[in-house]
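> Submitted below is the structure of interest, expressed as structure tokens.
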Amino acid sequence: MKALMPALLLGATLSFAEKNSIDLAVYKNSKNFTMSEASYTVGSRTFTLVNIRPNVKNDTACISAIIIDKRKFVLFDIGIEDGAYGLFVPRSQPLKQGLIVLKASPTEGKTFIFLSNGKLVTLPGAQTFVDTAGKSIYCIWDNDGAYQLTVFNYKAMRLTIPTTVIKQPAQWYTSGISYCFTVPQEKGYYSVEMLTKSIVKTDQADGALSPVPYLMDFSKIDPAGCCGAKVLRK
């Protein structure tokens with residue numbers, strides 16, 4: 001498992017389309033674009049989130065950027081019309097020493113974790129919830145009906161469950177110790193087994209269950225309002 005951590009952090013860096021030459025002032029001063037930005041401080045680092053939305057109706061490209069110090073990490077989405085897109089800051093922030101930022105996208109959703117120790121972790125998927133007792137973040141990636149799960153321990157800075165293909169989760173539940181989910185038109189539960197790093201089908205729930213919501217429900221977001229100031233508001 002130790003060999004996976006460098007790959008995770010390297011992937012976090014390379015998952016950005018880094019473009020230091022981008023001139024944000026061009027977009028800020030242009031009538032053809034709406035630009036929103038907000039700055040946050042986590043630990044000793046200050047970073048800025050940027051969403052840029054074209055005002056031309058037939059232009060469906062979206063530009064989002066994360067600026068750390070003088071470095072600009074730019075993310076592009078092209079041909080987006082039907083789903084939520086851009087960087088979002090969830091109102092619910094369960095990490096005491098960190099901030100979670102979600103990149104919504106019908107093609108490449110991501111979860112960014114800014115930690116007070118200066119580390120930035122990137123995980124696939126923007127359907128996310130946090131197990132604060134277990135110090136883990138669950139990230140689900142939905143790409144046109146293909147679902148994957150990644151579980152990351154933010155306390156130990158390691159992958160608990162490497163990215164694994166799963167069936168479509170209808171609802172997540174917790175017993176207070178473990179997590180499981182149901183699947184549409186199926187009986188039983190799919191339990192996340194930390195010891196074996198696997199997903200196991202069970203007929204009965206392990207104790208009393210409570211439903212677990214995602215940090216954000218992107219199905220309730222109007223795409224026309226994406227990349228706006230509200231989603232970056234503190």
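The values are calculated or read from the model by the stated rules, or taken from the named source; none is laboratory data. Values in this document were obtained by computation on a predicted structure and should not be read as measured data. Methodologically, a virtual Cβ is constructed for each residue, glycine included, from the backbone with ideal geometry; neighbour enumeration extends over all protein chains shown.
> Of all residues in segment 91-110, how many are in contact with a helix residue (DSSP H, G or I) (Cβ under 9 Å, 6 or more places away or on another chain) and surrounded by fewer than 17 Cβ atoms within 10 Å (Cβ to Cβ)?
Summing the residues that are in contact with a helix residue (DSSP H, G or I) (Cβ under 9 Å, 6 or more places away or on another chain) and surrounded by fewer than 17 Cβ atoms within 10 Å (Cβ to Cβ) in segment 91-110 gives 0.
> Determine which single condition ALA38 fails, assuming it passes every other condition in (1) touching a helix residue (DSSP H, G or I) at 6+ places or on another chain (Cβ under 9 Å); (2) in a loop (DSSP other than H, G, I, E, B); (3) surrounded by fewer than 17 Cβ atoms within 10 Å (Cβ to Cβ); (4) modelled with pLDDT of 80 or more.
Here ALA38 clears every test but (2).
> Something else about it: Please pick out the residue among ALA170, ALA146 that is surrounded by fewer than 14 Cβ atoms within 10 Å (Cβ to Cβ) and under 18 Å from LEU123 (Cα atoms).
From the options ALA170, ALA146, the qualifying one is ALA146.
> With the checklist (1) free of Cβ contacts under 8 Å to residues at least 12 places away in the same chain; (2) within 29 Å of GLY98 (Cβ to Cβ); (3) in a helix (DSSP H, G or I) in hand, flag the one item ALA224 doesn't pass.
Only one criterion is unmet by ALA224, namely (2).
> Still on this structure: Kindly evaluate ALA12 against the criterion of being surrounded by 13 or more Cβ atoms within 10 Å (Cβ to Cβ), modelled with pLDDT under 75 and aliphatic (A, V, I, L, M).
Answer is yes for this residue.
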